[in-house]
Amino acid sequence: MSSNIAPSANETALTDFLPLQGTDYIEFYVGNAKQAAHFYKTAFGFQSLAYAGPETGVMDKVSYVIRQNKLTFVLTTPLKTNNSIADHIYKHGDGVKVLALMVEDAADAWKQTTSRGGKSCLEPTVLKDEQGSVVLSGIHTYGETVHYFVERKNYKGVFMPGFRKWTSDYNPSETGLLYVDHCVGNVGWNQMNPWVDFYENVMGFRNILSFDDKDISTEYSALMSKVMSNGNGYVKFPINEPAEGKKKSQVEEFLDFYNGEGVQHVAIATHNIVETVTALQSRGIDFLKVPASYYDTVLDRVGTIEEDLAPLRELGILIDRDDEGYLLQIFSKPLEDRPTLFFEIIQRKGAKSFGKGNFKALFEALEREQDLRGNL
Ligand code: FE2
């Protein structure tokens, strides 16, 4: 069935076979979870939340759970070689393994998605302890990345069964990070549309925005992107694929170093980007910088904004506007030695878009970095 008329909110609610309440957590497979947890606490202001490992009966891996507002990261490392986690790290370096989504009914989410062609990675499983039960299920998405469906309405514990509360004497202050705004996947040549179909058909998402290589190209390189959103807009997954240019696309560089498809960036919301980015920079996070000339003309393009331009210029924060408002955004350099995963910090002031007006300046800045690595 197809229609040119977008369904009303009511119809969407009625036909949403996979109602999502938001991102539950993001799990990273990393070479050293203890050190990674320390880094994310120190640099980004995450707080210690939970721990699983040999002391809690988990013999083959260790996981640290850290949280800031509605943002929960799980950092997992294997204790031995010859297992799927160790293989994942060997192949991809540190990276995102699980994009976990909060649902009312994890068994139904699994049934709805697998009956529509989703490939199961975890059949509905009930985890129990004295604090209640959590139901987990999961399906594969691009590369070796998976989506878990997490049902925690009957659980009162700190994270989930198998974990114990993790308290620490080291508690750096938070930096104003609030929740996941969107998560971007990089996929291979000609793979964007198959993955758009997957999110539409298997997960009931809609394509809300598209960018072709003319929108996202510099003199040298290009990419294409489509933004997928679930019914209520709480979960947004843009999908990028490389496009032909004179030189190597940033997406190709990612695919080369990640050894396949995977999560390129996690965009994190803040209510005050100037304060957040000031804190992150002072704690050692490096951001991409556009030329100072960007700020000479930016207000001609985006009109009046509430913020003073001077701190935005000083920090390198970018501005864009759409029909509904404006947004402020900035992109970190990769958070690993491999040029793979990075973070975006975003403050939305009405705008629901993704900063199309900044793409050119941003990708030129990215290419300068790629060139320094010898990968352009
Ligand atoms: Fe983004």
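The values are calculated or read from the model by the stated rules, or taken from the named source; none is laboratory data. Please read all numbers here as calculations on a predicted model, not as lab measurements. Quick reminder, even Gly has a Cβ in these numbers, built from the backbone with ideal geometry, and neighbours come from all protein chains shown.
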Among (1) free of Cβ contacts under 8 Å to residues at least 60 places away in the same chain; (2) outside any strand (DSSP E or B), which single condition is Lys226 missing?
-> (2)
Return only the number of the condition from (1) within 26 Å of the chain's Cα centre (by Cα); (2) in a helix (DSSP H, G or I) that Leu335 does not satisfy.
-> (2)
Look through Asp322, Asp300 and report the one residue that is free of Cβ contacts under 8 Å to residues at least 60 places away in the same chain, within 16 Å of the ligand (Cβ to nearest atom) and either crowded, with 16+ Cβ neighbours inside 10 Å or not assigned by TED's automatic domain parsing to the domain that holds Ala37 (or both).
-> Asp322
Any chance Asp256 is part of a loop (DSSP other than H, G, I, E, B) and either closer than 17 Å to Leu341 by Cβ or within 15 Å of the ligand (Cβ to nearest atom) (or both) | no
Mind checking whether some residue in segment 280-299 is within 26 Å of the chain's Cα centre (by Cα), part of a helix (DSSP H, G or I) and not small (Gly, Ala, Ser)?
-> yes
Just one listed residue, out of Phe342, Phe359, is within 13 Å of the ligand (Cβ to nearest atom) and modelled with pLDDT of 95 or more, and it is Phe342
Might you let me know whether segment 339-357 holds any residue that is of a type outside the set (Gly, Ala, Ser), out of contact with any Gly (no Cβ under 9 Å at 6 or more places or on another chain), part of a helix (DSSP H, G or I) and surrounded by fewer than 20 Cβ atoms within 10 Å (Cβ to Cβ)?
-> yes
Consider Glu151 carefully, then state whether it is out of contact with any strand residue (DSSP E or B) (no Cβ under 6 Å at 6 or more places or on another chain), crowded, with 20+ Cβ neighbours inside 10 Å and not assigned by TED's automatic domain parsing to the domain that holds Tyr199.
-> no
Examine segment 185-198 for a residue that is among the aliphatic types (A, V, I, L, M), farther than 24 Å from Val74 by Cβ, part of a loop (DSSP other than H, G, I, E, B) and in contact (Cβ under 8 Å) with a residue 24 or more places away in the chain, and state whether such a residue exists.
-> no
Could you list, in sequence order, the residues of segment 154-169 that are closer than 14 Å to Arg67 by Cα and either surrounded by fewer than 19 Cβ atoms within 10 Å (Cβ to Cβ) or touching a Lys or Arg at 6+ places or on another chain (Cβ under 6 Å) (or both)?
-> Val158, Lys165, Trp166, Thr167, Ser168
Only one of (1) modelled with pLDDT of 95 or more; (2) closer than 17 Å to Pro194 by Cβ does not apply to Asp256, and that is (2)
Filter segment 178-193 down to the residues that are within 15 Å of the ligand (Cβ to nearest atom) and in contact with a helix residue (DSSP H, G or I) (Cβ under 9 Å, 6 or more places away or on another chain), then identify the one that is farthest from Phe354 (Cα to Cα).
-> Asn186
State whether one or more residues within segment 215-224 are closer than 27 Å to Phe73 by Cβ and surrounded by fewer than 21 Cβ atoms within 10 Å (Cβ to Cβ).
-> no
Would you say Val263 is part of a loop (DSSP other than H, G, I, E, B), in the same structural domain as Ala351 (by TED's automatic domain parsing) and within 16 Å of the ligand (Cβ to nearest atom)?
-> no
